[in-house]
Amino acid sequence: MKKDYSSFFVPGIILVGAVLRIPFTTIPTVLSYVADGLGVSVNSLGILTSIPLIMFAFCSSLAPRLADKFGLEKLFTMVLIAMFIGSSMRVINLPSLYLGTMIIGVSIAMMNVLLPSVILANQPLRIGLLTTVYTTAMGLASSVASSVAVPIVKMTSWKGLILLLSFLILLALVVWFPNTFHNHVTEKDEEAHVGSLWKNKRALALLVFGGLQSLLFYTGMTWLPTMASQAGVSSEAAGILASIYSLISLPFSLTIPTLATNLSSKNRKIMLAIVSACGIIGTGMLLFQSSNFVYWLLVNVLIGIAVSALFPYLLVAFSMKSHTPSQTAQLSGMVQSGGYFLAAFGPTLFGYSFDLFGSWKVAALCLFICTIIMAVALFYTERFEKIL
């Protein structure tokens, strides 16, 4: 009798979701400790926060081809092993810190793409619920890890923190590993039905939507506190705004995937219209500067609602708008590759615009226009039940 490994699937998804961001999002909070430990300047380590995004941009498209070769669950296991090795080697020296971060970036890029396909292959009737599960685990783990990182470093060292993160990855690997024996291998002829995604207008529209959603999120996370401070808000209040911007994602990660998969097409469009309007109003408010805390609180809440709701919707859309796990992986790989390319360079160009023009007006106007284009692309894709 063939052994049933299905009981390991949901716990595995939860733990994978929990470690999907913390290996690199936790490090910026303790960057000064890492710099002191290695005897280098903090500025020289600034690229550590950009490396994963760059890897997301250039490596996401590899996941579908590798999944066709090895199978979904087996590739997932291989990626978790690589992620554990990459995380652990960061404690050796400065070159290994950079190399390990690159390996982590490649690993997470693969898992970002594979997760919707893995869920569709194993639990096609629970796409919304399981997307809720792993996005919530991802958000909670990131919040908790960021809040306890400094105390852990003070109790041990920065190496102790990284080794603890590596242990959590190992734990996720151990729980996930039994799923390898229920490996889904893509049929050879499935890819022929997909055609060239780069010639598919609906897929390109989803790429534009996903890319601009990522750009809006990472630009807001990087620059909203600075913009508020320069407008006259205290640094302490700006820190509170940054926390609100991050924490607002939790209720939406709990509700949006299930709503997106259960609402009728008409009601889903109404929900997305409200969310998109929040983003447009929030970015529009950036065109007007104010020293009022409540004003900036409203800006952060409105933009936070938009990016926090649209991200889990995008993850669900990969499965909803494709027929097979292979198509889901290819669509996810294409959209996330282009999306993270925009996310990696968007915040940099946003900051450069301030240096060039001496104010945030031009950058804010560009972000406002990008948000409108994002909404247009979103509703273009919503016209079609399936993209592939």
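Quick grid of which residues meet (1) within 12 Å of the chain's Cα centre (by Cα); (2) at pLDDT 90 or above:
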site: 310; (1), (2): yes, yes
site: 325; (1), (2): no, no
site: 343; (1), (2): yes, no
site: 348; (1), (2): no, no
site: 351; (1), (2): no, no
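Looking at 53, 66, 75, can you tell me which residue is touching a residue at least 40 places away in the same chain (Cβ under 8 Å) and closer than 24 Å to residue 138 by Cα? It is 53. Filter the stretch 348-369 down to the residues that are closer than 14 Å to residue 211 by Cβ and buried (at least 21 other Cβ atoms within 10 Å of the Cβ) and list them by number. The answer is 367, and nothing else.
Could you list, in sequence order, the residues of the stretch 148-166 that are closer than 10 Å to residue 34 by Cβ, under 23 Å from the mean Cα position of the chain (by Cα) and of a type in the set (Val, Ile, Thr)?
162
Of the residues 220, 239, 211, only one is more than 21 Å from residue 116 (Cβ to Cβ) and either surrounded by 18 or more Cβ atoms within 10 Å (Cβ to Cβ) or modelled with pLDDT of 85 or more (or both); which?
220
Contact annotation: no residue pair with Cβ atoms under 6 Å, 6 or more positions apart or on different chains, pairs a residue in the stretch 200-217 that is touching a residue at least 60 places away in the same chain (Cβ under 8 Å) and closer than 13 Å to residue 346 by Cα with a partner that is of a type in the set (Asp, Glu) and crowded, with 22+ Cβ neighbours inside 10 Å. For the stretch 273-294, the criterion of a residue being hydroxyl-bearing (Ser, Thr, Tyr), surrounded by fewer than 20 Cβ atoms within 10 Å (Cβ to Cβ) and assigned to a helix (DSSP H, G or I) is satisfied by no position. Looking only at residues in the stretch 162-193 that are in a loop (DSSP other than H, G, I, E, B) and in contact with a Pro (Cβ under 9 Å, 6 or more places away or on another chain), the one that is modelled with the lowest pLDDT is 190. In the stretch 42-64, the qualifying residues are those that are closer than 15 Å to residue 30 by Cβ, in contact with a helix residue (DSSP H, G or I) (Cβ under 6 Å, 6 or more places away or on another chain) and part of a helix (DSSP H, G or I), and the one that is modelled with the lowest pLDDT is 49. Could you count how many residues in the stretch 4-41 are among the polar types (S, T, N, Q), part of a loop (DSSP other than H, G, I, E, B) and under 24 Å from the mean Cα position of the chain (by Cα)? The total comes to 1.
Residue by residue, here is whether (1) surrounded by fewer than 20 Cβ atoms within 10 Å (Cβ to Cβ); (2) in a helix (DSSP H, G or I) holds:
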| residue | (1), (2) |
| --- | --- |
| 326 | no, yes |
| 336 | no, yes |
| 376 | yes, yes |
| 383 | yes, no |
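Considering only the stretch 115-127, state which residues are surrounded by 22 or more Cβ atoms within 10 Å (Cβ to Cβ) and over 26 Å from residue 24 (Cα atoms).
First pass over the stretch 115-127, keeping only residues surrounded by 22 or more Cβ atoms within 10 Å (Cβ to Cβ): 115-121, 127.
Residues satisfying the conditions are 120, 121, 127.
The values are calculated or read from the model by the stated rules, or taken from the named source; none is laboratory data. A quick note: this is a predicted structure, and the numbers were derived from the prediction, not measured. Note that we place each Cβ from the backbone using ideal geometry, even for glycine, and neighbour counts take in every protein chain shown.
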